[in-house]
Amino acid sequence: MKSHFGQYGGMYVPEMLIPALQRLAGEYEKARKDKAFLKEFEDLLKNYVGRPSPLIFAKNLTKKLNGAKIYLKNEGANLSGAHKINHCIGQALIAKRLGKTRLIAETGAGQHGVATATVAAKFGFSCTIYMGEVDMDRQRPNVFLMEQLGAKVVPVLHGSRTLKDAVNAAIKDYLENSENTHYLLGSILGPHPFPTMNRDFQSIVGKEIRKQLKTTEKRLPDYVIACVGGGSNAIGAFYTFLKEKSVNLIGVEAGGKGLEVGKHASRFKGGTVGVIEGYKSYFLQDSDGQMQKTHSISAGLDYPGIGPELALLHDKGRIEFISATDSEAVSALKLLAKTEGIICALESAHAVAHAIKLAPKLSKEKIIVVNLSGRGDKDIFILAKAFKDKNFYEFIKREAEEGVIAYE
């Protein structure tokens, strides 16, 4: 199992952490060849997570756009509401093999935190989740869910108080407690072996797309589109198609409010190669190598780095990376909801936004698959603000006032 993807990846960590990562890499190398492990993983995906997730023909949206057929891979139908549960199940099984008793994780949008708390409850681990204070405020429903599942959610109060700062807090915890703790890293980034391990666990998404589309359309898709934060849902959808030259792969980053520093999270529009948080890749960083502030309306896309395998695939030209703005994502979410009855996560809405642009330019024989990485109920407060829904805020105000009275 290679530790690098071209020049990217690696294990750039303090020396005291290397033995723990080497044990993790060694155990995963054995597990990936262990039929009993693979059978247990597959059984849990089927009978606990609820896979395969549906591949839905977006008939109404396709008709409205009058272009290519659009299919939606609905990862929001999974237990815990997103693709994150796939690699959380896999890593929890590895942690069991290593004799760990505690899971820690970082989270931005909260879906990875919910998935980590879910598997911790399932397998009997204690659980601590680090989350930036800003993200806790805008993803409060997921904080509530994590706590109900038994996790301790720790607010990160330094830096920009978002995902990158939660990652730093989780790494510090792992440094201090690696003997009994497994760091359940939430994407295809960080030091080796996390990028490879999480890619393998997430590759089930693309495998299912291939099988499901073969049943419905008897062929491969022409385009697969996914949003890209760290990149776990994207590589999950893309990996099985990397050698299929007829399949165009498009990753959609957070265009935010524009290309000024701090207004977006598009690593390939202003980012440079560096080594941060244990791995080498593209980062939005200043001339001193310090990570810059980022912005996205979606909490899961504002991370300033990107997975090392995606960096290599960008350089090779195998994946096209574009961006969608906050306003485009919100408009796409609203259109998808009103045409297909699906309220997707704001992260996924970035991918939907590009599909909406692309489909009318293509013939009706072409097929686009959009990976909907999660469902949108977690974004209810952000969406209410974006839609200027005064009735919702009046309701929240009444509930808060009644709650204060009740607790008194």
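The values are calculated or read from the model by the stated rules, or taken from the named source; none is laboratory data. The structure presented is a predicted model; accordingly, all values stated were derived computationally and were not measured. Note that we place each Cβ from the backbone using ideal geometry, even for glycine, and neighbour counts take in every protein chain shown.
For (1) touching a residue at least 60 places away in the same chain (Cβ under 8 Å); (2) on the phi > 0 side of the Ramachandran plot; (3) touching an Asp or Glu at 6+ places or on another chain (Cβ under 7 Å), each residue gets a yes or a no:
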{"residue": "GLU42", "(1), (2), (3)": "no, no, no"}
{"residue": "PHE57", "(1), (2), (3)": "yes, no, no"}
{"residue": "LEU65", "(1), (2), (3)": "yes, no, no"}
{"residue": "GLY99", "(1), (2), (3)": "no, yes, no"}
{"residue": "ALA120", "(1), (2), (3)": "no, no, no"}
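Within the stretch 137-184, take every residue that is in a strand (DSSP E or B) and not β-branched (Val, Ile, Thr) and give me the one that is farthest from GLY229 (Cα to Cα). Give the derivation first.
Applying the first criterion (in a strand (DSSP E or B)) to the stretch 137-184 yields 152-156, 181-183.
Within this subset, residues satisfying the condition of being not β-branched (Val, Ile, Thr) are 152, 155, 182-183.
Details: LYS152: 24, PRO155: 21, HIS182: 23, TYR183: 19 Å.
The extreme case among them is LYS152.
Answer yes or no: is there a residue in the stretch 308-325 that is within 20 Å of ALA169 (Cβ to Cβ), among the aliphatic types (A, V, I, L, M) and either surrounded by 21 or more Cβ atoms within 10 Å (Cβ to Cβ) or assigned by TED's automatic domain parsing to the domain that holds THR162 (or both). It would help to see each step written out before you state the result.
First pass over the stretch 308-325, keeping only residues within 20 Å of ALA169 (Cβ to Cβ): none.
No - not one qualifying residue is present in the stretch 308-325.
Take the conditions of a type outside the set (A, V, I, L, M, F, W, C) and free of Cβ contacts under 8 Å to residues at least 40 places away in the same chain and apply them to LYS257. Does it pass? It is false that LYS257 is of a type outside the set (A, V, I, L, M, F, W, C) and free of Cβ contacts under 8 Å to residues at least 40 places away in the same chain.
With respect to the conditions (1) modelled with pLDDT of 95 or more; (2) under 21 Å from VAL143 (Cα atoms), HIS350 falls short on a single one, namely (2). Whether any residue in the stretch 10-27 is among the β-branched types (Val, Ile, Thr), surrounded by 19 or more Cβ atoms within 10 Å (Cβ to Cβ) and assigned to a helix (DSSP H, G or I) is what I want to check. Scanning the stretch 10-27, I find no residue that is among the β-branched types (Val, Ile, Thr), surrounded by 19 or more Cβ atoms within 10 Å (Cβ to Cβ) and assigned to a helix (DSSP H, G or I), so the answer is no.
Can you pull out the residues in the stretch 35-56 that are over 23 Å from the mean Cα position of the chain (by Cα) and either surrounded by 15 or more Cβ atoms within 10 Å (Cβ to Cβ) or outside the structural domain of ASN86 (by TED's automatic domain parsing) (or both)? PHE37, GLU40, listed by residue number. Scanning the stretch 349-404 for residues that are assigned to a loop (DSSP other than H, G, I, E, B) and farther than 21 Å from GLY110 by Cα turns up LEU362, SER363, LYS364, GLU365, LYS366, PHE387, LYS388, ASP389. Only residues that are modelled with pLDDT of 95 or more, surrounded by 24 or more Cβ atoms within 10 Å (Cβ to Cβ) and assigned to a helix (DSSP H, G or I) were counted in the stretch 115-136, giving 6.
Just so you know, in the stretch 54-79 the residues that are in a helix (DSSP H, G or I) and of a type in the set (A, V, I, L, M, F, W, C) include one that is nearest to LEU333 (Cα to Cα), and it is LEU61.
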